[in-house]
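Derivation of every value follows stated rules applied to the coordinates shown; laboratory data play no part. Computed from a prediction, not measured in an experiment: that's the story for all the values here. Neighbour counts run over all protein chains shown; Cβ positions are idealised from the backbone, glycine included.
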Protein chains: 2
Amino acid sequence: MKLSRLGEFGLIENAKDTFKSLNKNIVVGIGDDCAAIKPRKGFLLIATTDALVEGIHFNLDYIEPYQLGVKSVYINLSDIAAMGGIPLYALLSIVVPPSFSVKFMDDFLKGVKEGAQKYKVSVIGGNVSSSKNEFSINITLLGEIEKKYIVLRKGAKIGDKIFVTGWLGDSAAGMEILKRSQKSEVRSQKERKLIERHLMPYPRLKEGRFLAVKKIAASMIDISDGLASDIRRICEESKVGANLFIDNIPLSKELKSLNPPSPPFLKGGMGGLDFALYGGEDYELLFTVRPDKIAKLMILWKGMKIPITMIGEITKGGINITNKKGETTPLQREGYNHFSPLTPPLPFGERRKDIM
Amino acid sequence: MKLSRLGEFGLIENAKDTFKSLNKNIVVGIGDDCAAIKPRKGFLLIATTDALVEGIHFNLDYIEPYQLGVKSVYINLSDIAAMGGIPLYALLSIVVPPSFSVKFMDDFLKGVKEGAQKYKVSVIGGNVSSSKNEFSINITLLGEIEKKYIVLRKGAKIGDKIFVTGWLGDSAAGMEILKRSQKSEVRSQKERKLIERHLMPYPRLKEGRFLAVKKIAASMIDISDGLASDIRRICEESKVGANLFIDNIPLSKELKSLNPPSPPFLKGGMGGLDFALYGGEDYELLFTVRPDKIAKLMILWKGMKIPITMIGEITKGGINITNKKGETTPLQREGYNHFSPLTPPLPFGERRKDIM
């Protein structure tokens, strides 16, 4: 059955049933003009919004509707993680052509539901609209954080060491594999691993909260547009520079072993590092730590599942890379620009800025 | 200059400059992973989200980018009004093709800014993405309300009188005029009035807040999809019926005088009433009042600019219309369904539901 037959109201009815919630702080949930929630005393409310657009952020040839539902929640949770916050509520806005099937939408909503439930997030409201051609998703995530724990982009200081969680570049490499192969193709375990990292990037909520509550991270951001772009954001907000130890950037064994060719707009001649620097969608945390807190970090991190790696340090100005021979050169390029994917990335000197 | 040249980062930079705010409860505004705000003690947080999609909700042949910016804020404010709330913060998500001009986007953002400022709303965050073809806007509005004042859809009881603010049908009639005439056409003052009601539907924030704080409205909703659909929502949530006094439905003198032909999907043979019942986008408030509060309402309302009209009463079940001869018939149809605009509206018996 097509959505055009089920109709807007039927679709909303399905969504309403899907997202019933028992969180006692939800005074009004889905089904009225607004949702109403009771903020917890002593907490700030944090809010972030992000869109996923068909043909830009995803291609339905490569991602299943269920996975897309999960991912659209996860990428917003990643922003909450990057502040050290606790996610709580989501508002879901869907713009979808009437030709889409009810089955597609059910699967998508199931993904949103399960992605949210995994991190104890309640969907409290939303909106469904039709579109002529394109399918897009917009999620607003609300959460809480204590003022004393909040970690901003602007907290970096000269001398801070730069860290990342996990491994970089897998997601962009996974997307390249998807784009270059047939859906039916039998894939190796390594390929499947990279693809999964693209389709289902777990938000580093536990890690972000830990770094905030233990007062270890001085500044933090999640890597959505590639390390090159996101370290720039930290530096611009903090009015500092950075030196990245290029050979320290953590690449997964799968990425190193497969070493897939990087696409034209990433081609920097650095193999897997091209994906890590310019690929984006890793949703790992990038954070800086004062030198006198490094030991504390190393000791406390022992119990965590996801590794962290020191990849550089904060400097007075400019963004440079240093290789293991000790040669330092300016970082030439930035991450992917959705608005002009076919033009070469801007040289370092040109001004670009932070996400809104 | 095209957005493709300015780029995502430049566009965001422009938006960031546009939306600087001085609200002291904003701890983190635009420019980090999340916005952070300090909730006021004793208030619930309310949240609503709504999308406007090119080709579905608006046509750039009929609306200027500035007007579109204003309207996209106003339609969300209308949801806050319908609960009796105080609007405070907005998150703006824009999905736009790279071929759009920077001038277009500047004008649009100016509209968002001024629409928000008019009602003391601060834009605290957002997101900009490109799309292949379609332009769409998603706004999430956050506000506050005291628990004791909140007005829901489900509060209607048998015997309540049904009221609306302002005049119904102008917006849909204005849209018809826009669709049927050339942009350059010289229009009469009456036509311009209806068109303005479509392009710039002021949210009834003052009125909604008043009805909540004075504890007059027992249930309330804003009319976004036409009276026929929205009274249904009140009735379904409250598990009651309604009888509408069809000749009491307030039509503006402009609508009555112009009496534009209603389009095929609205054609109900009732002239201006077709627009009022099935047209939508009025963004007037529809609310019910207990019989013993009618006198209080009439006295207290004296100072308000926007008139209110009693248009019916809540009954045990079914949705009917009664004309001035006293003839009562079931209300046959509902408002516009974006998902199947070309199929006839469902007959009354079929199940449709509430917005999410």
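Within the set A:Lys132/B:Lys38; B:Lys190/B:Lys293; A:Lys110/B:Lys16; B:Lys24/B:Lys71; A:Lys316/B:Lys38, which residue pairs have Cα atoms separated by over 31 Å? Please list the in-between numbers first.
Working: A:Lys132/B:Lys38 39 Å; B:Lys190/B:Lys293 36 Å; A:Lys110/B:Lys16 35 Å; B:Lys24/B:Lys71 26 Å; A:Lys316/B:Lys38 34 Å.
Exceeds cut-off: A:Lys132/B:Lys38; B:Lys190/B:Lys293; A:Lys110/B:Lys16; A:Lys316/B:Lys38.
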Cross-link candidates for A:Lys193: which aspartates and glutamates have Cα within less than 14 Å, leaving aside residues fewer than 8 places away along the same chain?
A:Asp170, A:Glu176, A:Glu254, A:Asp282
One finds, for A:Thr315 and B:Glu146 with R0 = 60 angstrom and r their Cβ-Cβ distance, a FRET efficiency to the nearest 0.05 of 0.75
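Determine, for A:Met1, B:Met200, the number of other Cβ atoms within 10 Å of each Cβ, and report the residues in order from fewest to most.
A:Met1, B:Met200
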Shortest-first nm distances, A:Gly159 label point to equivalent points in other copies (7 Å, Cα→Cβ)
7.6
Mind checking Rg over Rh on segment B:3-149, alpha carbons, Kirkwood formula for Rh?
0.98
Which aspartates and glutamates have a Cα less than 15 Å from the Cα of B:Lys161, not counting those fewer than 8 places away in the same chain?
B:Asp292, B:Glu313
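State, as an integer percentage, the relative contact order of chain B based on alpha-carbon contacts under 8 Å between residues 6 or more apart.
20
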Which angle from 0 to 90°, rounded to the nearest 10, does the C-alpha axis of helix B:102-118 make with the longest principal axis of chain B?
50
I'd like the FRET efficiency for A:Val213 and A:Thr18, computed as 1/(1 + (r/R0)^6) with the beta carbon distance as r and R0 of 45 Å, rounded to 0.05.
0.85
To the nearest whole percent, what portion of all C-alpha pairs in segment A:153-330 is separated by more than 27 angstrom?
25
Where the label is 7 Å out from Cα toward Cβ, how close does B:Gly271 come to the same position in every other copy, in nm, shortest first?
8.1
FRET efficiency (A:Asn25, B:Ser99; Cβ distance; R0 35 Å; to 0.05) is 0.20
Quick calc: nm separation of the 7 Å Cα→Cβ label points for A:Ser257 and A:Met270 -> 2.4
Counting all Cα-Cα pairs in segment A:224-292, those more than 13 Å apart amount in percent to 68
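What is the fewest-to-most order of A:Glu146, B:Glu176 by other Cβ atoms lying within 10 Å of their Cβ?
Values: A:Glu146 15, B:Glu176 21.
Arranged by neighbour count, lowest to highest, A:Glu146, B:Glu176 become A:Glu146, B:Glu176.
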Unit charges at the beta carbon, dipole of the protein assembly as shown: most positive-side option, A:Ile63, A:Pro39, B:Asn127
A:Pro39
For the Cα atoms of chain A, what angle does the longest principal axis make with the long axis of helix A:189-199, in degrees from 0 to 90, nearest 10?
70
Test of understanding: ordering A:Trp167, A:Trp301 by Cβ neighbours within 10 Å, fewest first, what list do you get?
A:Trp301, A:Trp167
State to the nearest 20 debye the size of the charge dipole of segment B:78-149 about its Cα centre, where the only charges are +1 on K and R beta carbons and -1 on D and E beta carbons.
100
Given the options A:Val151, A:Leu141, A:Phe210, identify the residue whose Cα lies farthest towards the positive end of the charge dipole of segment A:117-241 (+1 on Cβ of Lys, Arg; -1 on Cβ of Asp, Glu).
A:Phe210
Can you give the charge dipole size of chain A about its Cα centre, rounded to the nearest 20 debye, using +1 on the beta carbon of Lys and Arg and -1 on the beta carbon of Asp and Glu?
1220
Label point distance in nm, B:Glu185-A:Met1, each placed 7 Å from Cα along Cα→Cβ
4.0
Karplus (6.51, -1.76, 1.60) ³J(HN,Hα), θ = phi - 60°, over segment B:134-149, in Hz, Gly and Pro reported as x:
9, 9, 9, 10, 10, 10, 10, 10, 10, x, 10, 7, 6, 4, 5, 9
Among rounded, prolate and oblate, which fits chain A when a ≥ b ≥ c are the square roots of the eigenvalues of its C-alpha gyration tensor, a/c under 1.5 means rounded, and a/b larger than b/c means prolate?
oblate
B:Arg192 label points, 7 Å along Cα→Cβ, one per copy: pairwise distances from this copy to the rest in nm, shortest first?
6.8
Output the 0 to 90 degree angle, nearest 10, between the alpha-carbon long axis of helix B:3-18 and the longest principal axis computed from the alpha carbons of chain B.
70
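Where nothing but the Cβ of Lys and Arg (+1) and of Asp and Glu (-1) is charged, how large is the charge dipole of segment A:153-330 around its Cα centre, in debye to the nearest 20?
Roughly 560 debye, rounded to the nearest 20.
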Connecting every pair of Cα atoms under 10 Å apart in chain B and solving the GNM, the largest mean-square fluctuation among B:Gly85, B:Gly143, B:Gly169 falls on B:Gly143
